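Engineer: Once you've had a glance at the structure underneath, I'll fire off some questions.
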Amino acid sequence: MLAPDAGSPRVFIVITTFNRASYLRQLLDSVAGLDPAPAGVVVVDNASTDGTEDLLAGIDLPVPVVVHRLPANVGGAGGFAAGVARGLEEGAEWLWLMDDDVVVLPDALAAFRPWLSRYSCLHGRRLDHAGQPFFWQHRLSETLGVHLPVRGDVFATSPVFHTNVGCFEGMFISAEVVRTTGLPDARFFLNGDDTTYGWLVSQRYPVAYVDAVVLQKTRPQRQIDLGIRHLNDSSDLSRFCGMRNRGHLARYLRLHGSYSRVGFGVGTALTATKEIVRLIAVERSVSGVTALWRGWRAARRILADRTWRPEPPLTGDTGPGAPGAPL
């Protein structure tokens, strides 16, 4: 396992936003209260039309803010790919990725610092909008291609939980890891991009979830508690992308010799079942089933696409097993 030198970390916060000016305002206000402060902030505006552009034009923070406005909405995946690339251009040594509907807690960067000499990719704990612990403790089953919840208190005996998935709502990652892994895959658009990216990182680096609360959600969501996990409300676009992106995940699993055709088929059936439960129990609708069907068909096309290639590393690392090695 590789780990970077965390002597004097130069941290850039990378935020992707789309038509949530009021939430973004809260997040930027919270960034102003960070102690210690980051070296800078990169805000990727996914072609918002709700006043976000005006908000960013007038923003005044005690740290540099780089606004990277895209000509079209490329989703969370494309936004984070652009934001991470811009952060590297700005000289970031570490990148803290987050959506626009959270706020950071004042001592968050101080809470991360003790871990930076041990881990290259880590996540802190989050609270939901009501101030309750947000459930995020999963591991990817490579056989099923599904991230499965881990029950119980994962911090009962240790302040760190090792996983093999990631989350762009709070991933804290070293620039060196990004260079050897490559940028997030913009083709995902949304849903599953961060899970897959975390898994790719875990093939060479430790991925940790540490017992330190660093973020709080500000956007309420409808949800049900299933005991082992929560199900939030979703959208037809997210459902479509979630099923379609299983095609991309399968290609990455194949690349690393971890793909099971039968197991992945079972995982796809489980994914569709979970989404149908979400539709019925949370959203009180079945109209989203069509989006699942369209996504499944799109995934089949990705699996059959002979031109598909992975995102390449940003370094010269192209040897056997490297993330960007030829198929």
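The values are calculated or read from the model by the stated rules, or taken from the named source; none is laboratory data. Values in this document were obtained by computation on a predicted structure and should not be read as measured data. Here the Cβ positions follow ideal geometry from the backbone for every residue, glycine too, while neighbour counts run over all protein chains shown.
Engineer: Consider only pairs whose beta carbons are under 6 Å apart and that are at least six residues apart or on different chains; among these, list those whose first residue lies in region 19-36 and is of a type in the set (D, E, K, R) and whose second residue is surrounded by fewer than 18 Cβ atoms within 10 Å (Cβ to Cβ).
Structural biologist: Going by the 6 Å Cβ cut-off, the qualifying pairs are Asp35/Pro106.
Engineer: Here's a follow-up. Which of the residues spanning region 23-62 are touching a Gly at 6+ places or on another chain (Cβ under 8 Å) and either farther than 22 Å from Gly91 by Cα or not assigned by TED's automatic domain parsing to the domain that holds Ala111 (or both)?
Structural biologist: If the condition is that a residue be touching a Gly at 6+ places or on another chain (Cβ under 8 Å) and either farther than 22 Å from Gly91 by Cα or not assigned by TED's automatic domain parsing to the domain that holds Ala111 (or both), then Asn46 is the only one that fits.
Engineer: Let me ask something additional. Spot the failing condition for Gln221; the list is (1) over 19 Å from Gly124 (Cα atoms); (2) at pLDDT 95 or above; (3) not aromatic (Phe, Trp, Tyr), and only one is missed.
Structural biologist: (2)
Engineer: Need the failing condition index for Tyr197 against (1) assigned to a loop (DSSP other than H, G, I, E, B); (2) of a type in the set (Ser, Thr, Tyr); (3) surrounded by 17 or more Cβ atoms within 10 Å (Cβ to Cβ), just the number.
Structural biologist: (1)
Engineer: Can you tell me which condition Gly51 does not meet? The list is (1) surrounded by 17 or more Cβ atoms within 10 Å (Cβ to Cβ); (2) in contact with a helix residue (DSSP H, G or I) (Cβ under 7 Å, 6 or more places away or on another chain), and all the others hold.
Structural biologist: (1)
Engineer: Now, a different point. What residue, of Asp107, Asp128, is crowded, with 18+ Cβ neighbours inside 10 Å, of a type in the set (Asp, Glu) and either farther than 24 Å from Phe12 by Cβ or touching a residue at least 60 places away in the same chain (Cβ under 8 Å) (or both)? Can you show your working first?
Structural biologist: Values: Asp107 fails: crowded, with 18+ Cβ neighbours inside 10 Å.
Selected residue: Asp128, the only one of Asp107, Asp128 that is crowded, with 18+ Cβ neighbours inside 10 Å, of a type in the set (Asp, Glu) and either farther than 24 Å from Phe12 by Cβ or touching a residue at least 60 places away in the same chain (Cβ under 8 Å) (or both).
Engineer: Does region 33-48 hold any residues that are outside any strand (DSSP E or B) and either small (Gly, Ala, Ser) or surrounded by 19 or more Cβ atoms within 10 Å (Cβ to Cβ) (or both), and which are they?
Structural biologist: First pass over region 33-48, keeping only residues outside any strand (DSSP E or B): 33-39, 46-48.
Matches in region 33-48: Gly33, Leu34, Ala37, Pro38, Ala39, Asn46, Ala47, Ser48.
Engineer: Would you confirm whether or not region 92-103 contains a residue that is assigned to a loop (DSSP other than H, G, I, E, B) and either within 17 Å of the chain's Cα centre (by Cα) or over 24 Å from Leu200 (Cβ atoms) (or both)? Show your work before the answer.
Structural biologist: Restricting attention to region 92-103, the residues satisfying the condition of being assigned to a loop (DSSP other than H, G, I, E, B) are 92-93, 100-101.
The next check asks that each one be either within 17 Å of the chain's Cα centre (by Cα) or over 24 Å from Leu200 (Cβ atoms) (or both); those that pass are 100-101.
Yes - at least one qualifying residue is present in region 92-103.
Engineer: Still on this structure: Of all residues being over 20 Å from Ser120 (Cβ atoms) and among the aliphatic types (A, V, I, L, M) in region 155-187, which is surrounded by the fewest Cβ atoms within 10 Å (Cβ to Cβ)? Just the residue, please.
Structural biologist: As a first pass, look at region 155-187 and keep what is over 20 Å from Ser120 (Cβ atoms): 155-157, 186-187.
Still in the list and also among the aliphatic types (A, V, I, L, M): 156, 186.
Numbers: Ala156: 8, Ala186: 17.
Result: Ala156.
Engineer: Also, quick follow-up: Report, by residue number, each residue of region 149-166 that is hydrophobic (A, V, I, L, M, F, W, C) and either in a strand (DSSP E or B) or over 24 Å from Arg219 (Cα atoms) (or both).
Structural biologist: Selection gives Val150, Val154, Phe155, Ala156, Val160, Phe161.
Engineer: Still on this model: What is the residue count in region 130-148 for residues that are within 13 Å of Cys167 (Cα to Cα) and in a strand (DSSP E or B)?
Structural biologist: Within region 130-148, the subset within 13 Å of Cys167 (Cα to Cα) is 134-140, 147.
Still in the list and also in a strand (DSSP E or B): 138-140, 147.
So the answer is 4.
Engineer: Follow-up. Restricting to region 260-304, name every residue that is within 22 Å of Trp199 (Cα to Cα) and part of a loop (DSSP other than H, G, I, E, B).
Structural biologist: Passing the criteria: only Ser260.
Engineer: Moving on. Hey, could you check region 259-294 for residues that are more than 21 Å from the chain's Cα centre (by Cα) and among the hydroxyl-bearing types (Ser, Thr, Tyr) and say which is surrounded by the most Cβ atoms within 10 Å (Cβ to Cβ)?
Structural biologist: Only one residue fits best here, namely Tyr259.
Engineer: With the condition kept exactly as written, say whether any residue in region 249-257 is loosely packed, with under 15 Cβ neighbours inside 10 Å, modelled with pLDDT of 95 or more and not assigned by TED's automatic domain parsing to the domain that holds Val74.
Structural biologist: First, the residues of region 249-257 that are loosely packed, with under 15 Cβ neighbours inside 10 Å: 257.
When the remaining residues are screened for being modelled with pLDDT of 95 or more, the result is 257.
Narrowing the set further to residues that are not assigned by TED's automatic domain parsing to the domain that holds Val74 leaves 257.
Yes - at least one qualifying residue is present in region 249-257.
Engineer: Just the residues that are in contact with a helix residue (DSSP H, G or I) (Cβ under 6 Å, 6 or more places away or on another chain) and assigned to a strand (DSSP E or B), please, taken from region 200-222.
Structural biologist: Passing the criteria: Val207, Val210, Ala212, Val214.
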